[in-house]
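Here's the structure, in structure tokens; my notes come after.
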Amino acid sequence: MILDKNRIAEFNGLHASAHKRKFDFLASEINNVEDVLQKLIDFQVAIPSWALGTGGTRFGRFAGAGEPGSLEQKLEDVGLLHALNQSSGAISLHIPWDIPENYASIKAQAAQLGLQFDAVNSNTFQDQKDQELSYKFGSLQHVNKAVRKQAIEHNIDVIKHGVELGSKSLTVWLSDGSCFPGQLNFRKAFQNTLESLQEIYATLPEDWKVFVEYKAFEPNFYSMTVGDWGQSLLYANKLGPKAYTLVDLGHHLPNANIEQIVSLLLMEGKLAGFHFNDSKYGDDDLTVGSIKPYQLFLIFNELVEGMDARAMDHATDLGWMIDASHNVKDPLEDLLQSVEAIMLAYAQALTVDRKKLNAAQEANDVVAAQEILQNTFRTDLRPLVAEARLRSGAALYPLQFFRDQQLRAELIKERGTKTIATGL
Ligand code: LRH
Ligand code: MN
């Protein structure tokens, strides 16, 4: 479905005056409002190709209707999200779930939809039907050199797909680890994994990066061979300047201080970027900001402080990606909510009074420091994010537009109810 822009203009017309009243009031309170608006307009979040259909758990999957049944239809869906919020200008592909049959036509379709190809993701956490050796006991860590070789070749293959598409980074998430004490020699597993990553690293094009994604547990439940930020940073430092640590918000042990991890990885110049989602217990892959919106704000607060300290370009110097799975929500509605939550947290971080906060920190005025952060968090900045959308030709309220215009019903009319999207 290609959305007719006039439908968006007509919708915005209905809401323009109410929006202007709210925005004008808010703008009068923010001294760098134009700078903030431009940063919001420039900020793009990559949509995961594996999260455009209904996900499931080992207990069940309740299929949705009108899902994308091909890579072309997945691009259409990301194009639709981008038309609605002008903040979803990239797609992150997972190989082999999304191998393009024809690079030229996929690139042409993406260009027509205003989409870039963000990081490509390898997959050595499943055995493909035509695969010779199994990854049951790991891939890059495996005790058997032939299995490691197979996994290395897959990652090199994924880079080739990425180069064809114009992507500039490879994300490596390894399910490797162990389920029981004694099952694994941790040192050998680390060294096998490092040597394997070094072979992959050696094939990276000059202007490419490799993102090493860590995870505390699942699908292994005793140890993970890239189990936390420290281990990932160890790999990234030993690999070289093109290797970075990717932070998936759902990959931490309970109560981890993710904003502190982000601050230190940024300080070291080794932060790759993010897989945004939210969780209450494990790697729940829930809608961004749906469980811990204050933590998301605190993470963006560290990001803006740390990126400005290194004069980094907010929009392009880090990887901004969503990684979610939708069990009970419409995938597109869930992703619209997630992008909104990310833009809101970024807007909040951009409007924190940094001079006052630094002064409070220097004075150990703990109360003032908290008040400065919470005043911003408790200020409704939604009109600011909506204004950025209005100025970039998007819908003032994307989710409401999606529902009012019954876009899911239109997708079902086009695709039927039986199409199933590859992915999680
Ligand atoms: C692992 C993970 C990884 C992806 C997968 C789909 O939990 O976060 O980033 O490869 O989800
Ligand atoms: Mn992830």
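For segment 1-113, give the percent of accessible area contributed by carbon and sulfur heavy atoms, probe 1.4 Å, rounded to a whole number.
55 percent
A crude spin-label estimate for the pair Leu264 and Tyr281, with each label 7 Å from Cα along the Cβ direction, gives 2.9 nm.
Do any of Lys74/Lys160; Lys280/Lys329; Lys238/Lys280; Lys215/Lys242 go past 24 Å between their Cα atoms, and which? Beyond 24 Å between Cα atoms: Lys238/Lys280. Close amide H contacts of Gly319 (hydrogens built in the peptide plane, cut-off under 5 Å, sequence separation of 5 or more or a different chain): Gly273, Phe274. Taking only the C-alpha atoms of segment 1-105, Rg followed by Dmax gives 18.4, 52 Å. Amide H contacts of Asp118 (H built 1.01 Å from N, in plane; Pro and chain starts excluded): Ile91, Ser92, Leu93 sit under 5 Å, all sequence-distant by 5 or more or on other chains.
In order along segment 95-110, phi translates into HN-Hα couplings of 9, x, 4, 10, 7, x, 6, 9, 4, 4, 6, 5, 5, 5, 5, 4 Hz, rounded to whole numbers, per the Karplus curve 6.51 cos²θ - 1.76 cosθ + 1.60 with θ = phi - 60° and x for Gly and Pro. In the context of the full set of protein chains, residues of the chain present 45 Å² of accessible surface per residue (probe radius 1.4 Å, heavy atoms only). Note on Ala63 and Glu132: the extension gain reaches 21.7 nm, defined as 0.36 nm multiplied by sequence separation minus the Cα-Cα distance. Computed from backbone phi with θ = phi - 60° and the Karplus coefficients 6.51, -1.76 and 1.60, the 3J(HN,Hα) list for segment 32-44 is 9, 4, 5, 5, 5, 4, 5, 5, 5, 5, 6, 7, 10 Hz; x is used for glycine and proline.
I want the local charge near Ala324. Using Cβ-Cβ distances under 9 Å, sum +1 for each Lys or Arg and -1 for each Asp or Glu among the other residues. Walk me through the numbers on the way to the answer.
Working: positive: none; negative: Asp278, Asp285, Asp323, Asp334.
Residues near Ala324 contribute -4 overall.
For a modelled paramagnetic label at Lys20, 7 Å from Cα along Cα-to-Cβ, the residues of segment 375-389 in reach, with backbone nitrogen under 17 Å, are 383-384, 386-389. Summarising the label geometry, the points placed 7 Å from Cα in the beta-carbon direction at Ala363 and Lys160 lie 6.3 nm from one another. A Förster radius of 25 Å combined with the Cβ-Cβ distance from Lys413 to Ser105 puts the calculated FRET efficiency at roughly 0.55.
Taking the centroid of alpha carbons for each part, segment 1-24 and segment 366-424 are 14 Å apart.
Amide H contacts of Leu246 (H built 1.01 Å from N, in plane; Pro and chain starts excluded): Val212, Glu213, Tyr214, Ala272 sit under 5 Å, all sequence-distant by 5 or more or on other chains.
Helices in the chain, meaning DSSP H runs of at least 4 residues, each add -39500 (n - 2.57). Divided by all residues, the mean residue ellipticity at 222 nm is -15000 deg cm²/dmol.
Our coupling estimate for segment 68-78, obtained by passing each phi through the Karplus curve with A = 6.51, B = -1.76, C = 1.60 and θ = phi - 60°, is x, x, 8, 5, 4, 6, 5, 5, 4, 5, 5 Hz, Gly and Pro reported as x. Overall form of the chain: oblate. Here a/c, set by the Cα gyration tensor axes a ≥ b ≥ c, is 1.5 or more, and a/b is not larger than b/c.
Note on exposure: Glu387, Glu206 ranked by accessible area (1.4 Å probe, complete protein assembly) read Glu206, Glu387, with the most exposed listed first.
The values are calculated or read from the model by the stated rules, or taken from the named source; none is laboratory data. Note that the structure is a prediction, hence the values are computed from the model and not measured. Glycine also receives a Cβ, built like all others from the backbone with ideal geometry; neighbour counts cover every protein chain displayed. To get the accessible areas, we keep the full protein, side chains included, count just its heavy atoms, and leave off ligands, DNA and RNA. Shrake-Rupley method; radii C 1.70, N 1.55, O 1.52, S 1.80 Å.
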